Amino acid sequence: MPFPIHRPRRLRQHKIIRDMVRETHLTPDDLIYPMFVTFGKGTRKEISSMPGCFQLSVDEIAKEAQKVHKLGIPAILLFGIPERKDERGSEAYSSKGIVQKAIKAIKDKITELIVITDVCMCEYMSHGHCGIVKKGKILNDPTLDLLAREALSHAKAGADIVAPSDMMDGRIAVIRDILDSNNFEDIPIISYAAKYASAFYGPFREAAESTPSFGDRKSYQMDPANRREALKEVALDIEEGADIVMVKPAMSYMDIISDIKDTFDVPVAAYNVSGEYSMVKAAAKLGWIDEMKIVMELLTSMKRAGADLIFTYHAMDAVKQLNK
């Protein structure tokens, strides 16, 4: 029956009642904190375009990981910034690579923290692209072996989960095969399955020092205009062995998160990327918005859209807010 029998405001009158009927609950277990590890010692360099985020040397990232763990954040994601780059990204799969050292240092201090590693070549390649380049073209199939070797090196160093972000076709199958062949069949894969060629990545490229020296990444990352294609990418990655699938970016792609959640029976991750983070920070600095209210609303909306996990640079601040 119409008004006045039905009054939706009845359930909004009291905070306790509002909390009781709330449909979406954000918790610390939903959040994953991305971190950047660099060479050197005692290094803690703030990223100018991402206030509050830092490039950390191995010794410093181990200390920071302890702080993350104490807050109740269950997992971190590691990106590496090597001292040397070359045309085959050899530091990416070296047993003495920067990420491999960071994994061991963190695990020596905290065994309970889940360490996820980004598997990609862009930070390690002299040209900044995510694969081998020949005559200006990013080569798909020759790159797969390098990605597989990188993922295996992370697993050997002690990574709990590997997360390929390169968007090369077929990389999930190749990585699953090399992990299984080396007795790492229990290592899950988080696939950056629907990773769009987005302008929101701008600050990250400063953070990871991975800006391409020529062209762009549109030949391998997805067109932001495409929706159905995301379902195709996800279906292929699940078939190849992905355990969790990710949408990146998150804020402008919540329709994609929702589509994937409704279509597939696997956990869905959302990546609240650097540009999304930096916009909030910049507006808050100018006094235009309430930073934490915006952060909590954004993260809750990502979960409401269907994200089971959220990678976010806001994780530490968000958990402090949740724990109040």
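Read the figures in this text as sums done on the coordinates, not as results from a lab. This is a predicted model, so every value here is computed, not measured. Cβ placement follows ideal geometry from the backbone for every residue including glycine, while neighbour counts extend to all protein chains displayed.
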For Gly275, all conditions in the list (1) without any contact (Cβ under 8 Å) to a residue 24 or more places away in the chain; (2) closer than 17 Å to Gly52 by Cβ hold save one; what is the number of the exception? (1)
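Results for (1) surrounded by 15 or more Cβ atoms within 10 Å (Cβ to Cβ); (2) farther than 24 Å from Glu297 by Cβ; (3) touching a Gly at 6+ places or on another chain (Cβ under 7 Å), shown as yes or no for each residue.
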{"site": "Phe3", "(1), (2), (3)": "no, yes, no"}
{"site": "His6", "(1), (2), (3)": "no, yes, no"}
{"site": "Arg9", "(1), (2), (3)": "no, no, no"}
{"site": "Lys15", "(1), (2), (3)": "no, no, no"}
{"site": "Leu31", "(1), (2), (3)": "yes, no, no"}
{"site": "Gly42", "(1), (2), (3)": "no, yes, no"}
{"site": "Glu46", "(1), (2), (3)": "no, yes, no"}
One residue from Val119, Val37, Val99 being surrounded by 22 or more Cβ atoms within 10 Å (Cβ to Cβ) and free of Cβ contacts under 8 Å to residues at least 60 places away in the same chain: Val119
From Ala242, Ala250, which residue is among the aliphatic types (A, V, I, L, M) and closer than 13 Å to Tyr201 by Cα? Ala250
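Would it be correct to say that Ala151 is more than 19 Å from Lys248 (Cα to Cα), in a loop (DSSP other than H, G, I, E, B), within 20 Å of the chain's Cα centre (by Cα) and small (Gly, Ala, Ser)? Lay out the reasoning, then the answer.
On the way: more than 19 Å from Lys248 (Cα to Cα): yes; in a loop (DSSP other than H, G, I, E, B): no; within 20 Å of the chain's Cα centre (by Cα): yes; small (Gly, Ala, Ser): yes.
So Ala151 does not fit the description; no.
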Considering region 52-93 alone, what residues qualify as being over 24 Å from Ile110 (Cβ atoms) and either surrounded by fewer than 16 Cβ atoms within 10 Å (Cβ to Cβ) or over 21 Å from the mean Cα position of the chain (by Cα) (or both)? Glu83, Arg84, Lys85, Asp86, Glu87, Arg88, Ser90
